[in-house]
Every structure is written in C-alpha cells, then in structure tokens.
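The values are calculated or read from the model by the stated rules, or taken from the named source; none is laboratory data. For clarity, every value in this text was computed on a predicted model and none was experimentally measured. Here Cβ is always computed from backbone atoms with ideal geometry, including for glycine, and neighbour counts include all displayed protein chains.
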Amino acid sequence: MELSSYLKSDKAEIKHLFENVFSESEGLEEGILIANLVNDLMNNTSDRDIFGFVSKDKGKLTGAIFFTRLFFDTQIEAFILAPVAVITKFQGKGIGQKLIDYGIEQLKRKGVQLVFTYGDPNFYSKSGFQSISENIIKAPCDLTYPQGWLCQSLNGSRIAPILGTPRCVKALDKPEYW
C-alpha cells in the first residue's frame, strides 16, 4: 500500500470513492452529500487551507482523507480531519488508521499545532484524539453529537482553552455536516 498526497488528476476518482463508500454504509443520500462535500473541498478551498492524502494498492485508489484549516482569532495553526473513506472491501485492514496517522504526521511536519475531528471517539482515539468539551474549544458549528468533538495536540503541548468560535473552510461550514 502506498500513501501520498492526492493529485488533481485523482479528483473524479476520489469523489466517486466517497460517494460509493458512504452510499454503501449510510445510504445514497449520504453518499451524494459527502461526495459533494469532497468535490467542494477539492475545487473551492485554497491550497494553503487543505491537505488531502490517498492510499493506493497496486496503483488503485483504496482510500482518501482530507484535513482543512480551522481559523481562530489567535495565531494557532489548526486543521480538522473530515472526511475519510476506505473502499468497503478494504475496510478492517487498518488502511483508514494508516491514512489518519500519515496525514497527522504530514501536518506535524508543517508546524500544525492542533488537529480536530468530529466523529466516533472509539475509532479516533486509536490515533490519539480525545474528546474535548466545547467549554475548552468551541466547534465551528452547532454539534448534534457533542461527544464526537475531538482534538489532539501535535506538538506535545496541553490542549489549552481558546476563546471564541473558530471558522472552518466554506465547504464544511454547513449544518448538515455537523
């Protein structure tokens, strides 16, 4: 398995991957919703505000992950992981975990201080994420599942409170994703 940054030439295949994976697990409506999010992220987010990574097996796309910038009123470098997908027949083989770990390592190298995600604490805790109260750091949008607001420090520092509400990139700034 190879892990690398996504290429612009992979955009259509990546969008298709997310649509298929989420349609199979959550239904066609969710598949289309997440595919449109991924398409919007790839096409309408500044290159400095997005990192995307893929996994390939013998040159065939097996998974993809995106990290986009969270904007705070302070000088903190922060990104949010969303979304991630692995082709159904490759799930359960650690590919998603490897994509997450690879992406986090790339963010560390870029000097990112905090990475957030919004999802299953049991899954994401395997990669070092921990639940974080919105009393410490607010989410950019209202959460339907507050215990799914997760964070980790990439520089070894304690996660300290940050005042105010962060903003996410435009593509992710929609209530249906939160």
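Please work out if Gly52 is on the phi > 0 side of the Ramachandran plot and outside any helix (DSSP H, G or I). For Gly52, the condition - on the phi > 0 side of the Ramachandran plot and outside any helix (DSSP H, G or I) - is not met.
Remark: pairs (first residue in the range 19-34, closer than 19 Å to Gly92 by Cα; second residue hydroxyl-bearing (Ser, Thr, Tyr); Cβ separation under 6 Å; 6+ apart in sequence or on different chains) = Glu24/Thr88. For the range 145-178, a residue qualifies if it is in a loop (DSSP other than H, G, I, E, B), surrounded by 18 or more Cβ atoms within 10 Å (Cβ to Cβ) and at pLDDT 95 or above, and the qualifying residues are Leu154, Pro166, Val169.
With respect to (1) touching a residue at least 40 places away in the same chain (Cβ under 8 Å); (2) under 25 Å from Lys110 (Cβ atoms), the lone exception for Glu176 is condition (2).
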